[in-house]
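The values are calculated or read from the model by the stated rules, or taken from the named source; none is laboratory data. Please read these numbers as outputs of a predicted model, since none were measured by experiment. Glycine also receives a Cβ, built like all others from the backbone with ideal geometry; neighbour counts cover every protein chain displayed. For accessibility, only protein heavy atoms count, side chains too; no ligands or nucleic acids. Shrake-Rupley method; radii C 1.70, N 1.55, O 1.52, S 1.80 Å.
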Amino acid sequence: QVHLVESGGTLVQAGGSMRLSCVASGHMFWLHYVAWFRQGAGQDRDFIGAISLSGDQTLYGNFGKDRFSISRDSAKNTVFLQMDGLKPEDTAEYYCAAGDTLASQSSAYVYWGLGTQVTVSP
């Protein structure tokens, strides 16, 4: 069992920055990849990006490549999502997910956190 906890979501004005954290704990010997997704109200869950816990592989989705970046601190079992130039349309619940496959599909990830809310005001 792997337990994921997101944090860092808050209210920010448009143009601001925010860093989300995802801390993993539990039986992680098989765990190789952590991804970030987001889901706005009434919208589908979108893939933001993923990173290997070794840090040598990343995969980004089709949006936000120029504003979002993912990094990790393996010693602390923590993956970060840095978001810059935030826009009101970035308002959503942000989730981290873990699995043993680097992929953009949510079905590839077995364990999920409960999410952290990001709100961007105009």
Mind checking the full-extension length gain between Asp84 and Ser54? Use 0.36 nm per residue of separation minus the Cα-Cα distance, one decimal, nm. 8.4 nm
In this structure, the FRET efficiency calculated for Ser107 and Ser17 from their beta-carbon separation, with R0 = 22 Å, to the nearest 0.05, is 0.10
In a Gaussian network model over the chain where Cα atoms closer than 10 Å are linked, find which of Ala14, Ala97, Ala50 has the largest mean-square fluctuation. Ala14
Counting only heavy atoms of the protein chains, get the accessible area per residue of region 19-72 (1.4 Å probe) and round it to a whole Å² value. 53 Å²
Whole Å is fine, so just give me how far the alpha carbon centre of region 1-27 lies from that of region 44-107. 10 Å
Ordered by number, the trypsin sites (Lys or Arg not before Pro) in region 20-122 that occupy a DSSP loop and have at most 12 other Cβ atoms within 10 Å are Lys65
Return the percentage of antiparallel bridges among DSSP beta bridges fully within the chain, rounded to the nearest 5 %. 95 percent
